[in-house]
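In what follows, a structure is listed as structure tokens, so that the remarks can point back to it.
The values are calculated or read from the model by the stated rules, or taken from the named source; none is laboratory data. Note that the coordinates shown come from a computational prediction; the quantities given were computed from them, not determined experimentally. Here the Cβ positions follow ideal geometry from the backbone for every residue, glycine too, while neighbour counts run over all protein chains shown. For accessibility, only protein heavy atoms count, side chains too; no ligands or nucleic acids. Shrake-Rupley method; radii C 1.70, N 1.55, O 1.52, S 1.80 Å.
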Amino acid sequence: MKNSILIVTLLLTTLFFQTNCSAQKSKKTRFKALVLYENGGHHLAFTKAAKPWLNKLAIDSSFTIDYIENTKTISEKLLKQYQVFIQLDYPPYTWSEESMQAFQKYMNNGKGGWVGLHHATLLGEFDGYPMWKWFSDFMGGIKFVNYIPDFANGKVTIEDKSHPVTKGVPTDFLIKKEEWYIYDKSPRQNVHVLASVDESTYDPDSKIKMGDHPVVWTNDHFASRNVYIFMGHAPELFQNEAYTTLLRNSIFWAAQKNNFSVRTKK
């Protein structure tokens, strides 16, 4: 009788241990994300809305997030810890030489993916800093020239419905209260455009237009997966299901390593 009880106890203990191990494995972190964000200025409201949304996404989807407010700590050593780097409304200037070189190697060598929002294409000479030429090429060879300061609503149209980033996103959707940057040219010839804004839908209408106006794209001339999403000014974007689906898809897609050859420039 005692032997039977002992055997049952051992079996139950083994079962509990195996179940517990399985549960721990299922909770294993999928990937690590590094988020660079602006902790001030007129994009602060967007940041304050983005962080809790990102934190919930991380918990629900079993990945971890670390946040930094500036580029001072960015180095090869730091970046190698992360599978995806999210540039949350942070401009491509004020970076140190070390941080620029580290990021360039990260993207050129397929070390991790990148998702950039809005302010990431504020390319030009600002606050005494020269334009980061490599980053301009990364974004399709563009330079910022103007924007709609009083904001406008606009309809965004998905151009590539088959891409993983656009999965589950409506063919067209409304973005409210956006600044809509204007560049010196369309990046289309140098990038893979996923979505564009229809400037004829601006409400209120604006004379500040650029014609062909991509707003979501990826540059597959780089070894690392990357997605740029222009929209990223108003905190209300996190109440827009089309936008949050697009952003969520972008993070998950960029966090994966490429399994295809990098496209060469023509």
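If you go through region 210-229 and keep only what is in contact (Cβ under 8 Å) with a residue 60 or more places away in the chain and assigned to a loop (DSSP other than H, G, I, E, B), you end up with Asn219, Phe222, Ala223, Ser224, Arg225. Note on region 230-247: residues that are hydroxyl-bearing (Ser, Thr, Tyr) and within 9 Å of Phe46 (Cα to Cα) total 0. Of all the residues in region 200-211, those that are surrounded by fewer than 12 Cβ atoms within 10 Å (Cβ to Cβ) and farther than 14 Å from Glu178 by Cα number 3. Flag not set for Glu199, criterion: in a helix (DSSP H, G or I), of a type in the set (Asp, Glu) and at pLDDT 95 or above.
Applying the condition of being over 14 Å from the mean Cα position of the chain (by Cα) and free of Cβ contacts under 8 Å to residues at least 60 places away in the same chain to region 43-57 and asking which residue is least open to solvent (accessible area, probe 1.4 Å) yields Leu44.
Here Phe252 fulfils each of the conditions (1) in contact (Cβ under 8 Å) with a residue 40 or more places away in the chain; (2) assigned to a strand (DSSP E or B); (3) open to solvent by 10 Å² or more (accessible area, probe 1.4 Å) apart from (2).
May I ask you to verify whether Asn20 is open to solvent by less than 80 Å² (accessible area, probe 1.4 Å), modelled with pLDDT of 90 or more and polar (S, T, N, Q)? Spelling it out, it is not the case that Asn20 is open to solvent by less than 80 Å² (accessible area, probe 1.4 Å), modelled with pLDDT of 90 or more and polar (S, T, N, Q).
Remark: pairs (first residue in region 135-160, under 14 Å from His213 (Cβ atoms) and at pLDDT 95 or above; second residue assigned to a loop (DSSP other than H, G, I, E, B) and among the small types (Gly, Ala, Ser); Cβ separation under 6 Å; 6+ apart in sequence or on different chains) = Phe144/Gly124; Ile148/Ser206; Ala152/Ser206. Residues in region 70-116 that are of a type in the set (A, V, I, L, M, F, W, C) and touching a Phe, Trp or Tyr at 6+ places or on another chain (Cβ under 8 Å): Ile74, Leu79, Val84, Phe85, Ile86, Leu88, Trp95, Met100, Phe103, Met107, Trp114, Val115.
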